[in-house]
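Written below as structure tokens is the structure these notes are about.
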Amino acid sequence: MAYCVKCGVELDESAKKCALCSTPLVLPQGLELDQGAATPFPEKVQLPAEVRRRYLVFFVSMVMLIPNIVLIITNFLLPSTGLWALYVASSSALAWVLFVYPFYGRDKNHICS
């Protein structure tokens, strides 16, 4: 069994670098790396579809929310222009409820979907 020369973590037989500190594996003389062993960790991390969907909903929500906040602050700093930003914010909130929110709560085990 090999150990990391930097942090001392015991490495898997198929590891080419330390899983903790990413230091390349240095084998002492006489030891060989087992090329046929399966790697202990996947090379690329894949998020489940539900988690990706929730990240997308969060991102779209923030993209819709930030301009509305700026518009409302601008509208209150310029009170002589009326309350036009409230109309824009309310229509944006309606669009969010109709088009974005349904994707947030839907999952495979939901009975009513």
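What the table below lists for this structure:
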{"read-out": "Residues (in a helix (DSSP H, G or I) and either modelled with pLDDT of 90 or more or of a type in the set (A, V, I, L, M) (or both)) located in the stretch 69-89", "value": "69, 70, 71, 72, 73, 77, 85, 86, 88, 89"}
{"read-out": "Sole exception among (1) surrounded by 11 or more Cβ atoms within 10 Å (Cβ to Cβ); (2) more than 30 Å from residue 50 (Cα to Cα) for residue 93, by number", "value": "(2)"}
{"read-out": "Pair list, Cβ < 7 Å and 6+ apart or interchain, from the stretch 34-60 residues that are modelled with pLDDT under 85 to residues that are among the aliphatic types (A, V, I, L, M) and in a loop (DSSP other than H, G, I, E, B)", "value": "40/15; 41/19"}
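The values are calculated or read from the model by the stated rules, or taken from the named source; none is laboratory data. Being a predicted model, the structure only gives us computed values, none of them experimental. Cβ sites come from the backbone with ideal geometry, for glycine too, and all protein chains shown count toward neighbours.
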